[in-house]
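**Student:** My structure is below; once you've seen it, I'll send some questions.
Nothing in this text is a laboratory measurement; each read-out follows from the coordinates by a stated rule. Bear in mind that the values here come from a model prediction, so they are computed numbers and not experimental data. Every residue, glycine among them, receives a Cβ derived from its backbone with ideal geometry; neighbour counts consider all protein chains shown.
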Amino acid sequence: MDEFGMTEEEELLIDSLFYKCDSHNEGLVGVSAVIQYLKSCQNQCNDEPGLLSLAQELETVGMNGKVSLASYRSVLKRWIRDVKGRR
């Protein structure tokens, strides 16, 4: 586990989401693409405030609506830890 309490499998899942959204292999993903993908995976769960919070955090570290892998990882891991802590 890393400093965020993530397992290797969770880290691989986080990275796979980034690469899924990086369709042009730019090393950057659009914040909106990440949020849309997560929304599509949520099915019946409606965590709009949580996703809005994530989008705001990603926008803060990104540039022109896009975020790098390193920044994405950091924000997403922190966000997941916070979501787990609210349960």
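**Student:** Please identify the GluC sites (Glu not before Pro) of the chain that satisfy two criteria: DSSP loop assignment and at most 14 other Cβ atoms within 10 Å. Which are they? Mind showing how you got there, number by number?
**Tutor:** Working: sites: E3, E8, E9, E10, E11, E26, E57, E59; in loops: E3, E26.
The qualifying sites are E3, E26.
**Student:** What distance in nm separates the simple spin-label points at S74 and Q42, each placed 7 Å from Cα in the Cβ direction?
**Tutor:** 2.5 nm
**Student:** Using 0.36 nm times the number of residues separating D82 and E8, minus their current alpha carbon distance, what extension gain do you get?
**Tutor:** This chain segment gains 24.8 nm when fully extended.
**Student:** Quickly estimate the mean residue ellipticity at 222 nm for the chain, helices only: each DSSP H run with n ≥ 4 gives -39500 (n - 2.57), and the total goes over all residues, rounded to 500.
**Tutor:** Here the helix-only value at 222 nm equals -21000 deg cm²/dmol.
**Student:** On to the next question. Report the label-to-label distance for N64 and S16 in nanometres (one decimal), using points 7 Å from each Cα along the Cα→Cβ vector.
**Tutor:** So the label points at N64 and S16 sit 3.1 nm apart.
**Student:** When the Karplus curve 6.51 cos²θ - 1.76 cosθ + 1.60 is applied with θ = phi - 60°, which whole-Hz ³J(HN,Hα) does each residue of region 5-17 get, with x for Gly and Pro?
**Tutor:** For region 5-17, the Karplus curve yields x, 8, 7, 4, 5, 5, 5, 5, 5, 4, 5, 5, 5 Hz.
**Student:** Follow-up. Among (i) 2, 12, 21, 22, 20, 16, 6, 1, 0; (ii) 3, 12, 19, 21, 15, 9, 7, 6, 4, 3, 2, 0; (iii) 3, 14, 26, 27, 20, 8, 1, 0, which is the computed P(r) over Cα pairs in 5 Å bins from 0, in percent?
**Tutor:** The calculated read-out lines up with (iii).
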